[in-house]
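This report concerns only the one structure given below.
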Amino acid sequence: MNKYNRIVVKIGSSTLTYPNGALNLRRMDKIVEVLADIKNSGVQTVVVSSGAQAVGLGKLGFKEKPKEISAKQAIAAVGQCELMYIYDKLFSEYNHTVAQVLLTGDDIADGKRRGFVENTLFKLLDFGCIPIINENDTVAVDEIVSIGDNDTLSAIVSQLIGADLLVLMSDIEGLFDGNPRRSPDAKLIPVIDDLDLAASYCQGAGSALGTGGMDTKIGAAKIARDIGADMIIMDGSRPEKLYDAVEGRPCGTLFPFGNSR
Ligand code: GLU
């Protein structure tokens, strides 16, 4: 039995790619299979996918990120194209139609544009599509307000479509009370609703802040709290755990601000 009706799943770059930037196809295949199946079970599913820059770097054979803004933008254009090609191919195998939606901060900040984005997303869900959203990294520079990271973008998308669950698939199992990569005693927190306490686990030396990008995840949790949606941080290398997330079984760290409250 599903606990949620409309979910947003954010997939981080490190979940989708090998360290050299090439797509981790076995992982992507599994993620797409699970997402397609969850959609089949009746849950409206929206994906926020990172990876444009990582995949573009890999495809063009760059060993490191160039400094020049136009080069970064060009790299994202290449990577986004490759990313969507693979998503389209894999989801098509399960008879699902994907739709690419690329947003900038300006699309969200301006009420009228935000309304258009919202209407389009709802229309895509009506059509039975799986929207795959990313920041439009090819144009989103500082002059055009950028959202900056996909944890925040996925929380904003959850707000736009009234999602009841936001899942952040990451390279870490969830929120820990220390940095699990440095201190073996660090414990996974299964459920937490105190965001000040959650933030305190991410601060200072020896915390998960530098490695897990936990600060933006706490920011996303604040938005989830404001809109009354549950949020889960889970290990992206185990996509089958998404079933646990959607069916209400323990999975990673749950921020219970919606159905679980
Ligand atoms: N939009 C970026 C990309 O596709 C990812 C941003 C993020 O992971 O937070 O490369």
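The numbers here are math on the coordinates, done by the rules we state, and not lab data. Model, not experiment: these values are computed from the prediction. Here Cβ is always computed from backbone atoms with ideal geometry, including for glycine, and neighbour counts include all displayed protein chains.
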Return the residue satisfying two criteria in turn: it lies in region 61-80 and is closer than 21 Å to L102 by Cβ and among the hydrophobic types (A, V, I, L, M, F, W, C), and of such residues it is nearest to the chain's Cα centre (by Cα). A76
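I'm trying to understand the selection: among the residues of region 110-157, which are more than 16 Å from the ligand (Cβ to nearest atom), part of a helix (DSSP H, G or I) and either under 20 Å from the mean Cα position of the chain (by Cα) or closer than 11 Å to V48 by Cβ (or both)?
So the first thing to find is which residues in region 110-157 are more than 16 Å from the ligand (Cβ to nearest atom), and the list is 110-130, 143.
Narrowing further to those that are part of a helix (DSSP H, G or I): 111-126.
Correct list: R114, V117, E118, T120, L121, F122, L124, L125.
Return the residues of region 9-60 that are in a helix (DSSP H, G or I), within 12 Å of the ligand (Cβ to nearest atom) and within 14 Å of D171 (Cα to Cα); say none if nothing qualifies. Lay out the reasoning, then the answer.
So the first thing to find is which residues in region 9-60 are in a helix (DSSP H, G or I), and the list is 13-16, 25-40, 52-60.
In the following step, the residues that additionally are within 12 Å of the ligand (Cβ to nearest atom) were identified as 13-16, 52-58.
Result: S13, S14, T15, L16.
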Residue among I86, I108 that is of a type in the set (V, I, T), touching a residue at least 40 places away in the same chain (Cβ under 8 Å) and in contact with a Leu (Cβ under 7 Å, 6 or more places away or on another chain): I86
Taking the condition crowded, with 18+ Cβ neighbours inside 10 Å, out of contact with any strand residue (DSSP E or B) (no Cβ under 6 Å at 6 or more places or on another chain), more than 23 Å from G148 (Cα to Cα) and not hydrophobic (A, V, I, L, M, F, W, C), does P180 pass? yes
Please find, within region 72-102, the residue that is surrounded by the most Cβ atoms within 10 Å (Cβ to Cβ) out of those that are over 19 Å from K10 (Cα atoms) and within 14 Å of the ligand (Cβ to nearest atom). I75
